[in-house]
Amino acid sequence: MKRFGRRDGQIVGSFDELDRVVLSAVPILIDGVGEVGVDPAAARLQPAVYRDDDARSAEFLRLSAGLIEDGRRADLASFSEALERSDDGVTLSDAEAESWMRVLTTARLVLGARLGIEEDGWERNPDVDVTDPRLVALFVLGRLQEDLVAALSAAA
Amino acid sequence: MTARGGTLAPERIETPFESENVATARPWNVVVWNDPINLMSYVTYVFRKVFGYSKAKATRLMLQVHHEGRAIVSSGPLERAEIEAAAMHHHGLWATLERA
């Protein structure tokens, strides 16, 4: 069953128990991202924009921090507010759905960084520990994300 | 991440934000790099939304990122390129800037 679809110009999501458990953990996960140098997730969320110029990259980070961090905060607030009013599902405007899309992305990047995933093809690696809850969450959020992007890509 | 590509600008830019006024002939490239987490459909969606590209062009650039490890997704004045790179980062895509 698809987790997201389009109905009457809005994005409608429907979740099972595991989806809900994972979604409810997303704000804690994102709020818990630590400092660069301590938490590998932090570096992934603010990559150096000038590959050979650390000072200039730091300046870009300083100048763009408002744009990016405020955007992430607004996305997470929108996500949390919609999650709060949801039960087995949720109805989202396109703008809310795009916030969800970015929040799911951020959460997946955090999980991927902490799991040390650096190469394509990790989904098919037989050696991964499928009992690791972070990996389970990464798969669950990936499925939600895939369906959400498909619903958003469908003409309004 | 994948191996580094592209070329370095031959001269260092001492005052990038001021020099842009006289350096408009040399645009900046916004480069997006492959990463193992972001979904192909999502990357395509972001290229369409942020740059206004057609589905065909966005898909072609996404596939270039996926297969070649990187793609130049936009090119223009520094100020615009930095805003676009920030938009990429807000969407969780790995973007860098380099001289065209």
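What to note about this one:
- Annotation for region A:49-125: GluC sites (Glu not before Pro) lying in DSSP loop with at most 15 further Cβ atoms inside 10 Å of their Cβ are A:GLU118, A:GLU119.
- Value of Rg to Rh for region A:78-155 (Rh from inverse mean 1/r over Cα pairs, i.e. Kirkwood): 1.02
- Counting only Cβ charges, +1 for Lys and Arg and -1 for Asp and Glu, the dipole size of region A:93-147 around its Cα centre is about 200 debye.
- Residue (of A:ALA43, B:ALA86, B:ILE72) at the positive-pole extreme of the protein assembly as shown, dipole from beta-carbon charges: B:ILE72
- Between chain A and chain B, the total buried accessible area stands at approximately 3200 Å², from heavy atoms with a 1.4 Å probe.
- Residue of A:SER24, A:SER64, A:SER93 that the Gaussian network model of chain A assigns the largest fluctuation, springs spanning Cα pairs under 10 Å: A:SER64
- Normalised by the number of residues in chain A, the mean separation of alpha-carbon contacts (under 8 Å, six or more apart) gives a relative contact order of 39 percent.
- Per-residue 3J(HN,Hα) values for region A:131-147, derived from phi via the Karplus relation 6.51 cos²θ - 1.76 cosθ + 1.60 with θ = phi - 60°, read 8, 5, x, 5, 6, 4, 4, 4, 5, 4, 5, x, 5, 4, 4, 4, 5 Hz in sequence order (x marks Gly and Pro).
- Each residue of the protein assembly as shown gets 135 Å³ once the volume of the Cα convex hull is shared out per residue.
- Dipole orientation for region A:65-112: of the candidates A:ALA82, A:SER93, A:GLY112, A:GLY112 has the Cα lying most toward the positive pole (charges on Cβ; Lys, Arg +1; Asp, Glu -1).
- CD proxy at 222 nm, helix term only [per DSSP H run n ≥ 4: -39500 (n - 2.57); per residue of chain A; nearest 500]: -21000 deg cm²/dmol
The values are calculated or read from the model by the stated rules, or taken from the named source; none is laboratory data. Just so you know, these numbers come straight off a predicted model, no measurement behind them. Counting neighbours? That spans all protein chains shown, and the Cβs are built from the backbone with ideal geometry, glycine included. Only protein heavy atoms, including side chains, enter the accessible area calculation; ligands, DNA and RNA are left aside. Shrake-Rupley method; radii C 1.70, N 1.55, O 1.52, S 1.80 Å.
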